[in-house]
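Reviewing the structure listed below.
The values are calculated or read from the model by the stated rules, or taken from the named source; none is laboratory data. These figures come from a predicted structure and were not determined experimentally. We place every Cβ from the backbone using ideal geometry, glycine too, and count neighbours over all the protein chains shown.
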Amino acid sequence: MLDFERKSVVLVTCPKGFTPYLAEEIGRLGFAVRAELPAGAEIKASLNECMRLNLWVRCGHRVLYQLKRFKAETPDQLYTQVKDMVWERIVLPDGYLTVTSSVKTEIVNDSRFANVKVKDAIVDRIREKTGRRPSSGPDMSGIVVFLHWRDDECTVYLDTSGEPLSRRGYRKFPHKAPLQETLAATLIRAAKWYGKGNFVSPMCGSGTLAIEAALVALNGAPGLMREEYAFKKIPGYNPEYWENLCIDAEDRERDSLSGQIIATDIDPEAVEAARKNARAAGVEHHIKFDVCDFRDTEIPEGGGIVIMNPEYGERLGNRTKLEKIYAAIGDFFKNKCQGYRGYVFTGNLELAKFIGLKTASRVVFFNAKIECRLLEYEIFKGFGKDRS
């Protein structure tokens, strides 16, 4: 049984480009960030605190609790070092085990081989100590162990999340090419929107941007909608402690918004999917949905942000049609969104040139393997009239 109060190094992982926003978020939760890494941020935290991170982190994917760091120059050294750990305190003899890894070393050219080595070491240790052995497999329904191996440096973690935190539990109807929830939350943070003012999402698709914006504005913990976490399988887990964290999170939720959240799409099926997803997230009544061309989207008085995620031309649409759409986005910003900050998230910078406006900032993100930009445009009042 592990001590859930004992602090260790904790790595909160994220996709490439997310780290500054994840680090800011973790800092707002009261943790001191020890290091910002290309794909995550390090802090010191206990397993109890890992539970709170799983509940509240919007931009991260997994919360990893460090168990051991060591050097391994061969697979046999990896096996020996892992087997030397007290796994009988962590994995029950009749329990279930999953091993995942990130491996970049000349020693091993297939991470699956490293996974098997770690799994064998854990199972052999438990069998020698107890006379029984746990089952293992890929479905993350039990203890999840993560190996990070770079050159000869190895770190073994307990994955307290299991399934990535992007799987909030509300996206029942993904529709076409949906934005991942953590990507949407990070784009919102990069747009410097913290829940004040209006948030407008034309081309809303399955509604992920609008839903994540509503969760931010209402101070809704993104992890409340999920039932399963890997930390619940760790010996020493206290269900009452988790329940109290959830009750506290519910008490912190706001009842109303300071501005409006508007989500529109020209596709009725997309808007219906967005409504259903918002309903599953408990925020449907906080979002105003409409079926319309993006140019006809209502833009409330008072300012805020407009954020658009048009097709990239990678998987959908055709070039000529998309050139006209991107040009129309520029006109829409100039003519209807004065006093707002406009954002376009795209993986096609050639198409983005057709927007025809000067960018205030260009932030690199990755949507799966596609290198994208979040382009910011400041749309001053009187902008359309001056430029017409």
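Return yes or no: is residue 313 in contact with a Gly (Cβ under 7 Å, 6 or more places away or on another chain), part of a loop (DSSP other than H, G, I, E, B) and of a type outside the set (A, V, I, L, M, F, W, C)?
The answer is no for residue 313.
Tell me whether the stretch 272-287 contains one or more residues that are in contact (Cβ under 8 Å) with a residue 12 or more places away in the chain, assigned to a helix (DSSP H, G or I), farther than 17 Å from residue 209 by Cα and not assigned by TED's automatic domain parsing to the domain that holds residue 57.
For the stretch 272-287, residues in contact (Cβ under 8 Å) with a residue 12 or more places away in the chain, assigned to a helix (DSSP H, G or I), farther than 17 Å from residue 209 by Cα and not assigned by TED's automatic domain parsing to the domain that holds residue 57: absent.
Return yes when residue 245 is surrounded by 24 or more Cβ atoms within 10 Å (Cβ to Cβ), touching a Lys or Arg at 6+ places or on another chain (Cβ under 8 Å), in contact (Cβ under 8 Å) with a residue 40 or more places away in the chain and aliphatic (A, V, I, L, M) and no when it is not.
It is false that residue 245 is surrounded by 24 or more Cβ atoms within 10 Å (Cβ to Cβ), touching a Lys or Arg at 6+ places or on another chain (Cβ under 8 Å), in contact (Cβ under 8 Å) with a residue 40 or more places away in the chain and aliphatic (A, V, I, L, M).
With the requirement that a residue be within 15 Å of residue 230 (Cβ to Cβ) and not hydrophobic (A, V, I, L, M, F, W, C), what does the stretch 102-147 give you?
Selection gives 134, 136, 137, 138, 139, 141, 142.
Which ones in the stretch 158-186 are more than 12 Å from residue 222 (Cβ to Cβ), among the charged types (D, E, K, R) and out of contact with any helix residue (DSSP H, G or I) (no Cβ under 6 Å at 6 or more places or on another chain)?
163, 176
In the stretch 254-271, which residue that is hydrophobic (A, V, I, L, M, F, W, C) and part of a loop (DSSP other than H, G, I, E, B) is surrounded by the most Cβ atoms within 10 Å (Cβ to Cβ)? I'd like the intermediate steps shown before the answer.
First pass over the stretch 254-271, keeping only residues hydrophobic (A, V, I, L, M, F, W, C): 257, 261-263, 266, 270-271.
Then drop every residue that is not part of a loop (DSSP other than H, G, I, E, B), which leaves 257, 266.
Working: 257: 19, 266: 14.
Ranking the candidates gives 257 first.
Collect the residues in the stretch 2-40 that are in contact with a Pro (Cβ under 9 Å, 6 or more places away or on another chain) and either closer than 28 Å to residue 90 by Cβ or among the acidic types (Asp, Glu) (or both), keeping them in residue-number order.
2, 13, 36, 39
Answer with yes or no whether residue 292 is modelled with pLDDT of 95 or more, among the hydrophobic types (A, V, I, L, M, F, W, C) and within 20 Å of the chain's Cα centre (by Cα).
Working: modelled with pLDDT of 95 or more: yes; among the hydrophobic types (A, V, I, L, M, F, W, C): yes; within 20 Å of the chain's Cα centre (by Cα): no.
Criteria not met by residue 292.
Please specify each residue of the stretch 172-195 satisfying the condition of being surrounded by fewer than 24 Cβ atoms within 10 Å (Cβ to Cβ), of a type outside the set (A, V, I, L, M) and either under 15 Å from the mean Cα position of the chain (by Cα) or under 23 Å from residue 347 (Cα atoms) (or both).
If the condition is that a residue be surrounded by fewer than 24 Cβ atoms within 10 Å (Cβ to Cβ), of a type outside the set (A, V, I, L, M) and either under 15 Å from the mean Cα position of the chain (by Cα) or under 23 Å from residue 347 (Cα atoms) (or both), then 174, 175, 176, 178, 180, 189, 192, 193 are the ones that fit.
Residues of the stretch 164-210 being part of a helix (DSSP H, G or I) and either closer than 18 Å to residue 294 by Cα or at pLDDT below 95 (or both), which ones?
208, 209, 210
Any idea which of 63, 82 is assigned to a helix (DSSP H, G or I) and among the β-branched types (Val, Ile, Thr)?
82
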